[in-house]
1. 5 Å is the cut-off here: which amide hydrogens, built 1.01 Å from N in the peptide plane, fall below it relative to Val109, excluding neighbours closer than 5 in sequence?
2. Please give the peptides 61-68, 139-146, 113-120 ranked by average Cβ packing (other Cβ atoms within 10 Å per residue), highest first, as a rough proxy for protection.
3. Apply the Debye scattering formula to the stretch 90-161, with a single equal point scatterer on each alpha-carbon and no solvent, then give log10 I(q)/I(0) at q = 0.16 Å⁻¹.
4. For the stretch 82-87, what does the Karplus curve 6.51 cos²θ - 1.76 cosθ + 1.60, with θ = phi - 60°, yield as ³J(HN,Hα) per residue in whole Hz, taken in order and with x for Gly and Pro?
5. Could I have the simple spin-label model distance between Val7 and Leu44, label points 7 Å from Cα toward Cβ, reported in nm to one decimal?
6. When the Karplus curve 6.51 cos²θ - 1.76 cosθ + 1.60 is applied with θ = phi - 60°, which whole-Hz ³J(HN,Hα) does each residue of the stretch 66-77 get, with x for Gly and Pro?
7. What nm distance separates the two modelled labels at Leu141 and Asp69, each placed 7 Å from Cα along Cα→Cβ?
8. Would you compute the Debye intensity of the stretch 114-153 from its alpha-carbon atoms alone, equal scatterers and no solvent, and pass along log10 I(q)/I(0) at q = 0.15, 0.25, 0.30, 0.32 Å⁻¹ to two decimals?
Amino acid sequence: MTVPNAVIRSFYTFWIEAGGGPLVNPVPLTRSERRRPHAHHNPLDPYWGEGRLRYNPRVPRRRPRQMSDERWNELFAALRSNRDRAIVAFAISNGARASELLGMKGVDVDWGDQLVRVVRKGAQAEQWLQASAEAFIWTRLYQSEGTPLDPQVPLWWIQRR
């Protein structure tokens with residue numbers, strides 16, 4: 001449990017005013033009297049440290065959550081079509097956005113090198129991304145269910161249920 005800086009500051013302020021605490025509060029009310037660090041610094045004066053507050057430690061980053069193999073198998077079993085399995089496998093293996101994957105055409109798939117070309121959000125730049133072999137297997141299974149693929153049409157057709 002982390003204690004907020006305000007609690008530590010008021011604790012030390014109380015004991016300083018009571019005369020029983022340290023001479024200096026380790027958690028100042030503000031970092032500096034100035035609005036910006038060294039905004040109007042006199043070159044003849046030394047620079048003050050303007051880093052983090054002393055009792056404000058960095059919060060460690062959490063590790064990414066993981067799915068167990070059993071849950072992964074349950075997810076794939078719950079999907080209703082090979083198309084959905086292929087899209088999920090591509091998304092998981094290369095980290096592309098859903099809109100980038102859904103905009104792919106037949107010419108955007110390099111079967112030999114196991115790459116897919118996506119149009120990135122923002123700059124609209126084309127980028128080739130690696131994907132897992134399982135994603136390509138699911139895509140082949142999806143294609144075997146329908147009509148032959150024209151390279152210039154979207155790779156994914158909409159399923160009506």
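1. Under 5 Å from the amide H of Val109: Arg117.
2. Output ranking for 61-68, 139-146, 113-120: 113-120, 139-146, 61-68.
3. The calculated log intensity ratios at q = 0.16 Å⁻¹ are -0.54.
4. 5, 4, 5, 5, 5, 5
5. Result for the modelled spin labels: 4.6 nm.
6. 10, 9, 6, 4, 5, 5, 4, 5, 5, 4, 5, 5
7. Computed distance between label sites Leu141 and Asp69 equals 1.7 nm.
8. With no solvent term, the Cα-only Debye profile gives -0.49, -0.94, -0.99, -1.01.
Only the coordinates and a few stated rules stand behind these numbers; no lab work does. Only a predicted model underlies this, so the values are computations on that prediction, with no experimental measurement involved. Cβ: placed from backbone, ideal geometry, glycine included. Neighbour counts: every protein chain shown.
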